[in-house]
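Worksheet: one structure, shown below.
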Amino acid sequence: MSPSQLPYPLFDADNHLYETKEALTKFLPDKYKKAIQYVEVEGRTKIAIRGQISEYIPNPTFDVVARPGAMEDYFKNGNPEGKSKREIFGKPIKAIPAFREPAPRLELMDELKIDRTLMFPTLASLVEERMRDNPELIHAVVHSLNQWLYETWSFNYKERIFTVPVISLPIVDKAIEELEWCVERGAKAILVRPAPVPGFKGLRSFALPEFDPFWKRVVELDVLVTQHSSDSGYARYNQDWEGSGEEMLPFVTNAFRMVSEWRPIQDAVSSWVCHGALLRFPELRIAVIENGASWLPHVLQTLTDVYKKAPEGFGMQDPVAAIKKSIHVSPFWEEDFSKLTSLIGAERVLFGSDYPHPEGLAEPTTYISHIEHLPFEDQKLVMGGNMARLLKV
C-alpha cells in the first residue's frame, strides 16, 4: 500500500537519521579538529568532546542501533519487572542504509506509508551542552554538521524529506548567518535547542531582546522553528540534589531526573512569553517535538494565574493566547488526545512517530489507532495537515 492509499496523507513531524562518524568533523576547520574525536575504550568506539569521553549516546557510530519501537511495551504497560534500559531495548540491529541516506529512506517511507517527514539528526543533541563555555566552537561544529546534512541528505529531498538543520544562538550575528545559509539551500525548518543559550558571559534565555534580530530574520524568511528534546543542561540541577557531576545519561535509569523530565520544555515554552519573544514576534511558528504534552496543562494554568496577577509582566498581552496561536505540540501516542485537542485545538497538534528510535513507534501508522475517536477532519489535521500548513508545502 502506498501512502496515498491511506484515508489521509501522513506528514510525520518526528523522524530521525543516524549520523556517520564524519558528520560532525568532515567540514570542521583544522583548528577545531581535535575538539571531536572517536576513541576506542575496551573494544568499543566512543566519542570524546574536547578530550572528555561522553556516554550520552552509548554507540555514537550507530553501526548497530536499538530496533525501532523497542520501548512500545514499556510506554504502554510500564516496567513492572524493573528491567534496565538495555534489557528493554533487547538485541540491537545493524543500521540499514535507510537510516543513513535519503534515497533508501524514501523507499522505506513508502513501505511505512509515510508521505512526508521532518528529518532530525540524532548525535547533534550532545553538541551544545558539552561546549557551552566555547561559543565559537559551538558555531563551528554546528556549521560543520549542517554542511554534512546538506551534502548527505539535502534540506529538501524530493519534497518529501525535510531535513532540519541545527541553529545555535550564542553569537547572534553568526546565528543569523547560519540561518541564511541553511534557508538559501532549501531549509524550511530549523532546530533550536529548548535550553538557555550559552555565551561568553554565561547562560541566558533565547527569548530575551538581545536575540530579537535573529527572530526578526526568522520571521522574514518564513521558517518554522522546532524545539526537539535534547540535552538541555538540566543534569546540572539534578546534580545539585544528588551530589554528582555526571553528564546526562538518557539511557540510564534516574528516578529523580524522570520526575522533572519535562522541566526543560516547560521552561522553554514559558520563556517564549515571559521573556517576550513570542509577544514581540507573534508571526513565529513553533513546533515542540518529542517532548510529549503532559506538561502543557500545568504551564498554561500557571501562566493564566501569573497573567491575572501581573499582566504588566507580559506587556498587557495574554501569554496563553500567544502560546495557543503560535506553538504546536507533538504528543506521545499514549497520551490523551481528546484532552489536548480541547485545550489547544486540533489545528495545533502534530503526529510524530520518532522513527526509528527505540522510544518511537515500530509502525508509525499505528499512531492513527490512538486518534480514531477524534472527528475525521481533526485526524487529517493531526496526521499531516497541520505539518503541511506549517511548512507551507
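The values are calculated or read from the model by the stated rules, or taken from the named source; none is laboratory data. What you see is a predicted model, and the numbers here were worked out from it, not measured in a lab. When we count neighbours, we look across all protein chains shown, and the Cβ atoms used for this are built from the backbone with ideal geometry, even at glycine. Side chains included, ligands, DNA and RNA excluded: accessible areas come from the protein's heavy atoms. Shrake-Rupley method; radii C 1.70, N 1.55, O 1.52, S 1.80 Å.
Things worth noting here:
- Any chance LEU390 is open to solvent by less than 10 Å² (accessible area, probe 1.4 Å), part of a loop (DSSP other than H, G, I, E, B) and out of contact with any Cys (no Cβ under 6 Å at 6 or more places or on another chain): no
- The one condition in (1) in a helix (DSSP H, G or I); (2) open to solvent by 40 Å² or more (accessible area, probe 1.4 Å); (3) modelled with pLDDT under 95 that ASN238 fails to fulfil: (2)
- TRP295, sole failed condition from (1) touching a residue at least 40 places away in the same chain (Cβ under 8 Å); (2) within 18 Å of the chain's Cα centre (by Cα): (1)
- Residues that are closer than 30 Å to ILE138 by Cα and either open to solvent by 70 Å² or more (accessible area, probe 1.4 Å) or in a strand (DSSP E or B) (or both), drawn from segment 57-95: ASP63, VAL64, VAL65
- Filter result for SER168 (touching a residue at least 24 places away in the same chain (Cβ under 8 Å), open to solvent by less than 20 Å² (accessible area, probe 1.4 Å), of a type in the set (S, T, N, Q) and in a loop (DSSP other than H, G, I, E, B)): yes
- For segment 254-310, a tally of residues being part of a helix (DSSP H, G or I) and acidic (Asp, Glu) returns 2.
- Residue in segment 127-147 that is outside any strand (DSSP E or B), open to solvent by less than 10 Å² (accessible area, probe 1.4 Å), β-branched (Val, Ile, Thr) and farther than 18 Å from GLN227 by Cα present: yes
- Residue satisfying all of: in segment 200-217; open to solvent by less than 10 Å² (accessible area, probe 1.4 Å) and touching a residue at least 60 places away in the same chain (Cβ under 8 Å); nearest to ALA124 (Cα to Cα) among these: PHE206
- Answer residue from segment 23-56, given it is open to solvent by 80 Å² or more (accessible area, probe 1.4 Å) and under 23 Å from ILE96 (Cβ atoms) and is modelled with the highest pLDDT among those: LYS26
- Among residues of segment 1-56, those that are part of a loop (DSSP other than H, G, I, E, B) and over 19 Å from THR122 (Cα atoms), counted: 12
- GLU372, sole failed condition from (1) open to solvent by 10 Å² or more (accessible area, probe 1.4 Å); (2) modelled with pLDDT of 95 or more: (2)
- Qualifying residues in segment 171-195 (those that are without any contact (Cβ under 8 Å) to a residue 40 or more places away in the chain and open to solvent by less than 30 Å² (accessible area, probe 1.4 Å)) - the one farthest from ARG263 (Cα to Cα): GLY186
- Flag for ASP318 being open to solvent by 70 Å² or more (accessible area, probe 1.4 Å), farther than 21 Å from LEU118 by Cβ, without any contact (Cβ under 8 Å) to a residue 24 or more places away in the chain and not polar (S, T, N, Q): no
- The condition of being open to solvent by 40 Å² or more (accessible area, probe 1.4 Å), at pLDDT 95 or above and either touching a Ser or Thr at 6+ places or on another chain (Cβ under 9 Å) or of a type outside the set (Asp, Glu) (or both) holds for only one of GLU312, GLU247, GLU283, GLU220, that being GLU283.
- Counting the residues of segment 171-206 that are more than 22 Å from ASP133 (Cβ to Cβ), aliphatic (A, V, I, L, M) and under 19 Å from the mean Cα position of the chain (by Cα) gives 5.
- Filtered by the rule that a residue be of a type in the set (Gly, Ala, Ser), in a loop (DSSP other than H, G, I, E, B) and buried (at least 20 other Cβ atoms within 10 Å of the Cβ), segment 344-365 gives GLY352, SER353, GLY360.
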